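Read through the structure below, which is laid out as structure tokens, and then see the notes.
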Amino acid sequence: MELRNLVRKIEDDDFAVDRIQGDSVIITRPIILGEKNSEWEGSPIFNREYLIDLIAIGLAYQVLNHSDLNAALNRANAFS
């Protein structure tokens, strides 16, 4: 399936960092959603570059700690 407008990078104005119910969160714009009339219409779509940017933003704004990366690696083992 080809997606014409696949977002590959998070730009400075594509996200915000806030606190919701006491948790630090990253809010992204809905530009990552599947296109109308596509197989993935309305679904969030994350490619490698986007996910790396999201992790980097999470670390930069203390939404994630460096130790969270180890936790993610441990969780990844459960999926494989």
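Computed from Cα positions, the angle between helix 66-79 and the longest principal axis of the chain comes to roughly 60 degrees.
Put in line by how crowded their Cβ is, counting other Cβ atoms within 10 Å and starting with the fewest, Lys36, Lys9 read Lys36, Lys9. Relative contact order, whole percent, for the chain stands at 25, derived from Cα pairs under 8 Å and 6 or more residues apart. Compute the helix-to-body angle for 48-60: its Cα long axis versus the longest principal axis of the chain, expressed 0 to 90° and rounded to tens. Once rounded, the angle reads 30 degrees. Amide H contacts of Leu64 (H built 1.01 Å from N, in plane; Pro and chain starts excluded): Leu59 sit under 5 Å, all sequence-distant by 5 or more or on other chains.
Toward the positive end of the charge dipole of the chain, with +1 on the Cβ of Lys and Arg and -1 on the Cβ of Asp and Glu, the farthest Cα among Asn74, Leu59, Ser38 is that of Asn74.
Values quoted throughout were computed directly from the atomic coordinates according to the rules given, and no laboratory measurement underlies them. Note that the structure is a prediction, hence the values are computed from the model and not measured. Every residue, glycine as well, gets a Cβ built from its backbone with ideal geometry; the counts of neighbours run over all protein chains shown.
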